[in-house]
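The values are calculated or read from the model by the stated rules, or taken from the named source; none is laboratory data. Note that the structure is predicted; figures quoted are calculated from it, not measured. Heads up, the Cβs are rebuilt from the backbone with ideal geometry, glycines too, and the neighbour counts pull from every protein chain shown.
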Amino acid sequence: MLFKDVIGQEEAKQRLIAEVKEGRIPHAQLICGPEGTGKLPLAIAYARYICCENRGEQDACGICPTCVKFNKLIHPDLHFVFPVIKKKAGKDTVCDDFIADWRNFVLQNPYFNLNHWLKEMGAENQPDHPAAGQTDRRFAEADRQRPFRHIRRAPGGGRLGHDPGAAVSEQR
């Protein structure tokens, strides 16, 4: 995913690009917002831009060895944590058990929601998994309570964070 592939979010894209150009990349970045705003594609494009060996003014080059790995979502510095369902009773299930499926799913449609992923894993066939409805409503309610906010800086350059409800502040 390149910045040019991210739908909308022009102001956020420009801020992220500026952070890289200024050499002010924070150790962590919180990108949150309502369903469908392109949070995951934006995060992947940002990570790619940071790692690109020949980045341009507005986007990663798309052809260096790093970008080729990002095309397949297999770059060693790109890590995913996502919900999973139990494969077998009595065995712990981890994201790595689903990583190939996850990569294919994200590459096919980076603008998906939780229910799409749960359906892809077959969660609707698991009686005690909150696949449909309840989980979606809970996340939708959380998104309504914390709408997407652009990155802001406090006077003097301190970071206020991305979400006013997160109570993250270095300077006030």
Residue in the range 65-75 that is farthest from residue 5 (Cα to Cα), counting only those that are loosely packed, with under 15 Cβ neighbours inside 10 Å and in contact with a Lys or Arg (Cβ under 8 Å, 6 or more places away or on another chain): 74
Identity of the residue in the range 39-93, part of a loop (DSSP other than H, G, I, E, B), at pLDDT 95 or above and touching a Ser or Thr at 6+ places or on another chain (Cβ under 7 Å), that ends up nearest to residue 10 (Cα to Cα): 52
Scan of the range 8-37 for residues that are in contact with a helix residue (DSSP H, G or I) (Cβ under 8 Å, 6 or more places away or on another chain), in a loop (DSSP other than H, G, I, E, B) and not charged (D, E, K, R), ordered by number: 9, 25, 26, 29, 30, 31, 32, 33, 34
Matching residues, the range 12-64, being under 13 Å from residue 2 (Cβ atoms) and of a type in the set (Lys, Arg): 13, 48, 55
Unmet requirement for residue 96, which otherwise passes all of (1) at pLDDT 75 or above; (2) under 22 Å from residue 42 (Cα atoms); (3) acidic (Asp, Glu): (2)
